[in-house]
Amino acid sequence: MSTPAFSVRDLSVTFATRRGPVTALSGIDLDLHPGTVHVVIGESGSGKSVLAHALLDLLPRNVTLTGRRFLGGEDLTAAGPGRWRQVRARHLAFIPQSPASALNPVRRLGPLLAELARARGVARSAAWPDVAAALASFDLDPERIRSAYPHHLSGGMAQRVASSLALVGSPDVVIADEPTSGLDAELIDRTAAHLAALAERGAALLVITHDLTLARRLGGTTSVLYASQLLERRDTDALFDTPAHPYVAALLRARPECGGRPIPGWPPELTALPDHCVFAARCPHVDVDAGRVIDESGAFHSQRHNPRLALIQPKVAAGGERLTLRAPGAGVLSADVDLAAARRDVDLFGVAYQGIDQGDAVAGWLSQVLGVPSRLMRVPPEHDRVTSGETPGTAGYADGHPLLVTTASSLDVMNERIAGRGGEPVPMNRFRPNIVIDEWDEPHIEDRARRINAGDIELGYAKLAIRCVVTTVDQEAGTKVGPEPLRTLAGYRRAAQGGVAFGVKFSVLHPASCPWATR
């Protein structure tokens, strides 16, 4: 393929605000080739308009921009304001999202538009004729526009005036930010045709839009932005027909013609983007925490207080949108997960947090199963609780750390000791581990592990797991069944900090790579 007319490498944009740094773009690579169309889509706030202004070097002073920008083969990384004015005047045409505010309010449009044409290299004698022809192609009366001031134009007329200027002077690159905003269906079709014609005449066309129908019509290549990052870039037809990234699939399903199914949850805060996939909190391929049960005062319940919690089998499906609860004798309850309800204060072992109440139907079912008034609180998408230990991490409502690791040999040696006292062996589910390792033959060798790697996943040791009375709860019956395993563990697994230990808590240092990384 030809040398790009314009390209960026590892482009990142951060705004300095009173709330802290806001990451608007992160690590963007983009090539705009002559004679091609490149469309950028995404939700509001994803970084689309910031990308347009970064390509034009028209960002405010409170911005830090890193990465490299190239005009053809020229590296503009160190270019000063003077060179950027030349680049914008001669090589880059911009159709702004709010064209009326981009026009000088105290100048008549005729002289202003002719001056812009001359800045793009059009001869003085040809400047107004070229502008007039471009205006006429958008069904505008050139003479009326020539004598008008910007405030005389409707929003749609101002949009057409700005779009018509892209036809003047044959710029190398045309950047259109929401070029069909405020237009009716007929003018949208005509604008789309004119934009496509620009590419046919050799310009590299970048169109930024939330109009997915327009994106499909323009064809070419489509990139999808979400929470400052480019999640997918593919041939437009292929992207719409067989989206690869879960976010893109969800975005396309949200179209009215596809059922208008909204994406659950919210994008992450741009002041605190996660180290892992920015879509993980809303992704249907990521396990979702079902929530936590509270009493009437807002305090969390655990099996310490009510062993019957062990009877409840929760399942979250459909990308976190649907919750199913099962318990013996109580039947099955299915309910939509509510992420839009108001937050309320909850108490997690003496620390105040926020939760999202999942409604009266769920509360009634839980209260029946547990025998006491209870409600279910969903973990808010923005919730990240920092955990302690040798390797700190984050967790939702878990009372310890994200992961508990133990080994089959540790359980075997403990059960041998219990059997030696005449007791019954204890199943592994009493300890509710996330990971059980079979191949480590030495009992409790997990105590000495400081890093665990599985593929590209890396876990870091946090602390020993100090066990409580929950380990005496029969997970099948939902009742406490005696002193084991705590009595036996007390004979050989006392921890220096107090209590008895079984298993190890780990934090996630590096999660699994998303199989739907940028394509």
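Here, each number is a calculation from the coordinates, and none is a lab measurement. For clarity, every value in this text was computed on a predicted model and none was experimentally measured. Quick reminder, even Gly has a Cβ in these numbers, built from the backbone with ideal geometry, and neighbours come from all protein chains shown.
Against the chain, whose longest principal axis comes from its Cα atoms, helix 124-137 is set at around 60 degrees. Per residue, the convex hull around the alpha carbon atoms of region 196-276 comes to 113 Å³.
Each Lys or Arg adds one and each Asp or Glu subtracts one; over the other residues with Cβ under 9 Å from the Cβ of residue 29, this totals 0.
Around residue 419, what is the net charge, scoring Lys/Arg as +1 and Asp/Glu as -1 over all other residues with Cβ under 11 Å from its Cβ? If you can, show how the numbers build up before the last one.
Details: positive: 417, 421; negative: 412, 416, 424, 484.
For residues surrounding residue 419, the net value is -2.
Taking region 403-510 on its own, what percent of its Cα-Cα pair distances exceed 24 Å?
Details: 1305 of 5778 pairs.
Considering region 403-510, 23 percent of its Cα-Cα pairs are separated by more than 24 Å.
Sorted from longest to shortest, the spans of the Cα atoms of region 1-160 along the three principal axes equal 47, 40, 29 Å. Computed from backbone phi with θ = phi - 60° and the Karplus coefficients 6.51, -1.76 and 1.60, the 3J(HN,Hα) list for region 349-366 is 6, x, 10, 7, 9, 10, x, 10, 5, 8, x, 6, 5, 5, 4, x, 5, 4 Hz; x is used for glycine and proline.
Please name which of 440, 472, 418 has its Cα lying farthest along the dipole of region 403-510 towards the positive end, using unit charges on Cβ (Lys, Arg +1; Asp, Glu -1) and the Cα centre as origin. Most positive-ward Cα: 472. Hey, what number do you get for the chain at 222 nm if only DSSP H runs of n ≥ 4 count, each worth -39500 (n - 2.57), divided across all residues, to the nearest 500? Calculated at 222 nm, the ellipticity per residue is -7500 deg cm²/dmol. In order along region 39-56, the Karplus-derived 3J(HN,Hα) couplings, from 6.51 cos²θ - 1.76 cosθ + 1.60 at θ = phi - 60°, round to 10, 10, 10, x, 5, 4, x, 7, x, 5, 5, 4, 4, 4, 6, 5, 5, 8 Hz, and Gly and Pro are given as x.
Close amide H contacts of residue 25 (hydrogens built in the peptide plane, cut-off under 5 Å, sequence separation of 5 or more or a different chain): 13.
Under a Cβ-only charge scheme (Lys and Arg +1, Asp and Glu -1), can you give me the dipole magnitude of the chain about the Cα centre, in debye to the nearest 20?
On the way: 55 positive and 56 negative charges, 236 e Å.
Using Cβ point charges on Lys, Arg, Asp and Glu, the chain gives about 1140 debye.
Pairs of alpha-carbon atoms within less than 8 angstrom and 6+ residues apart define the contacts here; what relative contact order does region 287-383 have, in percent?
Working: 177 pairs, mean separation 29.1, N = 97.
Reported relative contact order: 30 percent.
Remark on residue 94: its backbone amide H falls under 5 Å from those of 175, a criterion applied only to residues 5 or more positions apart or on other chains, H modelled at 1.01 Å from N.
In terms of the mean number of neighbouring beta-carbon atoms within 10 Å, the peptides 413-419, 213-219 order highest first as 213-219, 413-419. Close amide H pairs (under 5 Å, H built 1.01 Å from N) link residue 208 with 40, 176, 177, 178, residues at least 5 positions away or on another chain. Fewest neighbouring Cβ atoms within 10 Å first, the residues 258, 283, 468, 277 line up as 258, 468, 283, 277. Cβ crowding within 10 Å, taken as a proxy for footprinting-reagent exposure, orders 463, 505, 48, 315 from fewest neighbours to most as 315, 463, 48, 505. In the chain, a dipole from Cβ-located charges (positive for Lys and Arg, negative for Asp and Glu) runs towards its positive end, and of 313, 103, 71 it is 103 whose Cα lies farthest in that direction.
Sort 432, 88 by Cβ crowding within 10 Å, fewest neighbours at the top. Spell out each step's value before the answer.
Numbers: 432 14, 88 18.
Neighbour counts put them in this order, fewest first: 432, 88.
Relative contact order of the chain: 12 percent, from C-alpha pairs under 8 Å at least 6 residues apart in sequence.
Before anything else, pin down the relative contact order of region 60-166: Cα pairs under 8 Å, at least 6 apart, normalised by residue count, whole percent. Don't skip to the answer; put the middle values down first.
Details: 98 pairs, mean separation 31.7, N = 107.
Worked out over region 60-166, it gives 30 percent.
A viscosity of 0.890 mPa s and a temperature of 25 °C, combined with the Kirkwood radius over Cα pairs in Stokes-Einstein, give a translational diffusion coefficient for the chain of 90 µm²/s.
Ellipsoid fit via the Cα gyration tensor, region 97-241: semi-axes of 29, 16, 14 Å, each the root of five times an eigenvalue, largest first.
What is the log10 of I(q)/I(0) for region 287-383, computed with the Debye formula using one identical point scatterer on each Cα and no solvent, at q = 0.14, 0.23, 0.24, 0.25 Å⁻¹? Log10 I(q)/I(0), no solvent term: -0.47, -1.33, -1.44, -1.53.
Per-residue Karplus couplings for region 469-485, computed as 6.51 cos²θ - 1.76 cosθ + 1.60 with θ equal to phi - 60°, are listed in order as 5, 4, 5, 8, 8, 5, 6, 8, 9, x, 9, 7, 10, x, x, 7, x Hz, Gly and Pro entered as x.
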